[in-house]
Amino acid sequence: MLNFKHLSYFHAVAKAGAVNRAAEKLHLTPQTLSGQLTLFEQRLGVTLFRRAGRRLELTDAGRMALSYADEIFQVGSELEEMLRNRGGERPALFRVGIADVVPKPIAYRLLAPALALPEPVRMVCREDKFERLLAELSIHRLDIVLADMPLPTGIDVKGYSHRLGECGLTFFATPELAAGLDGEFPRLLNGAPLLIPGEDSAVRAPLLRWLGGQDIYPRIVGEFDDGALMKSFGHAGAGVFPAPTAIAAEVAAQYGVVPLGSTEAVKERFFLITVERKISHPAALAVSGATHQGLFGKSDLARV
């Protein structure tokens, strides 16, 4: 039988990234904790950590073990909460995977209808690479996945894609950078420093094709898997950057940038992916059934 004390020690070290920090939180000596981890690995017959400088990194087996440990301790926490509050209504668990290329404000707005249900919902959000989230969905460890593309063909995951909405792209720059750009949009992008989404983003290839089709050749100075990091570089004046038009006002206010113009020729699309053809989870139904005209409506920006 699995030794849950050893599992809790492993979980603490995996979260802390170092034995010393975990030992301090657990009120153990580093030597004791290290010995317990060794016993745990020997019992399982796998190596859970590898050393990377002064830190510990999880092996593939360690990452899998951490994923299960997270779920085990989460269920334990829910059990404790339910037993402490037996007179109350237990909220329905809604496990959501969010592809890391989906902008966080978009994710929030898409998921908000689930929190507005009359029945209580406890939402658990996990952000990761699309492929890893699909693997979790296929073994029913997630209820839905939010992504910027439908389920790819040719992968060994049975699922269904439900389209939630789409919008164009708006380009932003700091006021100082914008003042130095010549011409009207989109010609002002020609030769301008540009920050673009990374290769995992579904919008990257259409964006580059659109620029080439307009005979516009900016200087690509950065590529980012993390959209928030790209916007932070844009906020610092490193270059022009695109964002979904649906959140243009929010991006301008949060990052102190100004919109240069927008295009409907390149679309950001958002999908809810499930293993069911007909959605049955009440929270997933609320997300898929809500109308998103408010999120994906028209703006007053100049378009091409």
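Quick note: the coordinates plus some simple rules give every number you see, no bench work behind them. In this text the structure is predicted, and so the values were computed from the model without any measurement. Cβ placement follows ideal geometry from the backbone for every residue including glycine, while neighbour counts extend to all protein chains displayed.
Structure values in brief
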| item | result |
| --- | --- |
| Single residue of the range 141-155 satisfying the filter (aliphatic (A, V, I, L, M) and part of a loop (DSSP other than H, G, I, E, B)) that is nearest to residue 95 (Cα to Cα) | 142 |
| Residues of the range 128-145 satisfying the condition of being exposed (fewer than 15 other Cβ atoms within 10 Å of the Cβ) and under 10 Å from residue 99 (Cα atoms) | 129, 131 |
| Near pairs, Cβ below 8 angstrom, 6+ apart or cross-chain, from the range 235-250 (more than 15 Å from residue 175 (Cα to Cα) and touching a residue at least 40 places away in the same chain (Cβ under 8 Å)) to any residue that is among the small types (Gly, Ala, Ser) and part of a helix (DSSP H, G or I) | 243/227 |
| Scope the range 166-218; condition in contact with a Lys or Arg (Cβ under 8 Å, 6 or more places away or on another chain) and at positive phi; matching residues | 191 |
| Residues (of a type in the set (S, T, N, Q) and under 17 Å from the mean Cα position of the chain (by Cα)) located in the range 184-203 | 201 |
| Residue satisfying all of: in the range 209-218; surrounded by 15 or more Cβ atoms within 10 Å (Cβ to Cβ) and in contact with a strand residue (DSSP E or B) (Cβ under 9 Å, 6 or more places away or on another chain); farthest from residue 150 (Cα to Cα) among these | 218 |
